[in-house]
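S.K.: Following this message is one structure expressed as structure tokens.
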Amino acid sequence: MNIFDEIKKKLSHEFIDIIEWLDTSNDTIVHRFERYQNEIKNNAQLIVREGQTAVFVNEGQLADVFKPGTYTLNTQNLPILTTLKGWKYGFNSPFKAEVYFVNTRLFTDEKWGTKNPFMLSDDRFGLVEIRAFGTYSFRIKDPGKFVVDVVGTDGNFTNYEVNEHLKSLIVTRFTDTVGEANLPIELYAANTSELSETCQEVMQPEFGRVGIELEKFYIENVSMPEELKKEIFEYSRLDKLDMTKLAQFKAAKAMELAAANEGGTAGAGMGMGMGFVLAQQMGGLMGQPSGQPFGAQTPQVQQVPPPVPLQITYFYAVNGQQLGPVSFDKLKELFANRTINRDSLVWKQGMANWASLKEIAELKSFLGGNTPPPLPNA
């Protein structure tokens with residue numbers, strides 16, 4: 001570039017008197033207004049549109065911040081910059097300052113997700129790996145802080161750049177929050193709304209430190225390995241299933257695997273053995289005798305076994321205290337070791353009142369009354 005080009009460039013920029021930014025993209029967060037040597041003409045017009053904020057930076061130091069509106073740039077409208085520059089009596093020549101336009105609209109549907117699975121400790125399944133992903137929305141709440149702490153000297157700062165920082169922050173805080181929740185592993189997917197609200201509250205202070213407001217945070221899915229899902233499903237069905245039928249189902253599956261095995265007679269023998277077991281179990285379910293081949297016709301009238309005899313138990317009294325119940329043999333043992341005697345009170349089911357042992361027919365054998373009387377004379 002020769003000296004004449006330099007002069008043309010300086011003259012073309014020195015007399016710019018309107019400072020504005022028309023956003024032609026959907027992802028720009030901060031745009032730096034470019035002009036020759038950062039010079040701004042005295043009484044220049046600053047136009048800040050809705051959804052924008054203009055931030056003036058002087059030599060890396062935050063100066064004035066302008067909200068939406070139209071301004072004439074002079075010492076009255078630039079109080080902080082005037083103080084930094086030391087303009088006591090105004091200025092007539094162009095002054096230098098960097099102007100950053102900050103997009104303050106709401107950025108929605110930003111994606112986040114765990115790049116790698118993270119570990120959680122579950123009381124039943126031990127250490128498990130889970131992944132999560134979702135969306136969030138944010139806006140720039142403090143443009144001055146954001147420009148100084150995040151943007152720096154970047155002339156065109158996009159939401160892609162800030163998202164890389166925010167995603168790392170989100171994953172870190174999400175992992176901490178989920179770990180402290182200490183929920184059963186299967187409940188994370190069922191409580192995404194509550195977890196989302198909790199994570200937003202935890203993350204908001206971190207976003208606020210760099211001038212960003214986290215408007216919404218959503219957890220769309222919490223996933224886990226397929227093997228763990230199967231274990232959880234089986235575990236949740238244990239209380240609902242008939243364990244006998246479950247064992248029969250497992251036996252049927254084992255028979256299918258053995259039958260599909262091409263290992264020769266060993267596989268065939270195992271298949272036959274499992275088949276017999278399954279046939280007996282299925283026959284039992286259908287009321288078929290276990291010793292009869294599966295599929296054979298059974299007689300219409302089945303033998304019904306007699307009811308199991310009930311064991312008679314006795315209560316007894318010792319020193320005015322009720323003891324028992326005990327079996328017939330135990331009561332006989334108590335009589336033999338003289339814990340009770342012939343006059344001890346005894347009661348059993350069906351008796352109206354307590355009675356002494358010697359008055360109960362089946363207990364008279366304790367007294368030695370089993371000797372038959374003498375034979376009558378011929």
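The values are calculated or read from the model by the stated rules, or taken from the named source; none is laboratory data. Everything numeric here is computed off the predicted structure, so don't read it as measured data. Quick reminder, even Gly has a Cβ in these numbers, built from the backbone with ideal geometry, and neighbours come from all protein chains shown. For accessibility, only protein heavy atoms count, side chains too; no ligands or nucleic acids. Shrake-Rupley method; radii C 1.70, N 1.55, O 1.52, S 1.80 Å.
S.K.: If you take the residues in the stretch 309-325 that are in a strand (DSSP E or B) and over 16 Å from Met351 (Cα atoms), which one is nearest to the chain's Cα centre (by Cα)?
M.R.: Leu323
S.K.: Hey, another quick one. If I ask for residues that are closer than 20 Å to Gln200 by Cα, among the small types (Gly, Ala, Ser) and over 17 Å from the mean Cα position of the chain (by Cα), which ones from the stretch 107-166 would you list?
M.R.: Ser137
S.K.: Among the candidates Asp149, Asp122, Asp154, single out the residue that is touching a residue at least 40 places away in the same chain (Cβ under 8 Å) and out of contact with any strand residue (DSSP E or B) (no Cβ under 8 Å at 6 or more places or on another chain).
M.R.: Asp149
S.K.: Look through Leu106, Leu120, Leu127, Leu84 and report the one residue that is at pLDDT 85 or above and either among the hydrophobic types (A, V, I, L, M, F, W, C) or open to solvent by less than 70 Å² (accessible area, probe 1.4 Å) (or both).
M.R.: Going through Leu106, Leu120, Leu127, Leu84 in turn, just one is at pLDDT 85 or above and either among the hydrophobic types (A, V, I, L, M, F, W, C) or open to solvent by less than 70 Å² (accessible area, probe 1.4 Å) (or both): Leu106.
S.K.: Also, quick follow-up: As an exercise: evaluate Val171 against (1) touching a helix residue (DSSP H, G or I) at 6+ places or on another chain (Cβ under 6 Å); (2) within 24 Å of Leu127 (Cβ to Cβ); (3) modelled with pLDDT of 85 or more; (4) open to solvent by 30 Å² or more (accessible area, probe 1.4 Å) and give the number of the one condition it does not meet.
M.R.: That leaves (1) as the condition not met.
S.K.: If you don't mind, there's one more thing I want to ask. Can you tell me which residue is farthest from Asp142 (Cα to Cα) among those in the stretch 44-103 that are among the hydroxyl-bearing types (Ser, Thr, Tyr) and within 46 Å of the chain's Cα centre (by Cα)?
M.R.: The residue in question is Tyr100.
S.K.: Starting from the stretch 216-230, take each residue that is within 19 Å of Phe125 (Cβ to Cβ) and list its partners that are assigned to a loop (DSSP other than H, G, I, E, B) and aromatic (Phe, Trp, Tyr), counting only C-beta distances under 7 angstrom and pairs at least six apart or across chains.
M.R.: Taking only residues 6 or more apart or on different chains, the pairs are Val222/Tyr188; Leu228/Phe125.
S.K.: In addition: Which one is most open to solvent (accessible area, probe 1.4 Å), of the residues in the stretch 91-103 that are in a loop (DSSP other than H, G, I, E, B) and of a type outside the set (Phe, Trp, Tyr)?
M.R.: Looking at the filtered set, the residue picked out is Asn92.
S.K.: I need the full set of residues from the stretch 58-81 which are of a type in the set (Gly, Ala, Ser) and either surrounded by fewer than 17 Cβ atoms within 10 Å (Cβ to Cβ) or in contact with a His (Cβ under 6 Å, 6 or more places away or on another chain) (or both), in order please.
M.R.: Matches in the stretch 58-81: Gly60, Gly69.
S.K.: Looking only at the stretch 329-357, which residues are part of a strand (DSSP E or B), farther than 15 Å from Leu367 by Cα and either among the small types (Gly, Ala, Ser) or in contact (Cβ under 8 Å) with a residue 40 or more places away in the chain (or both)?
M.R.: Listed by number, the list holds a single entry, Ala355.
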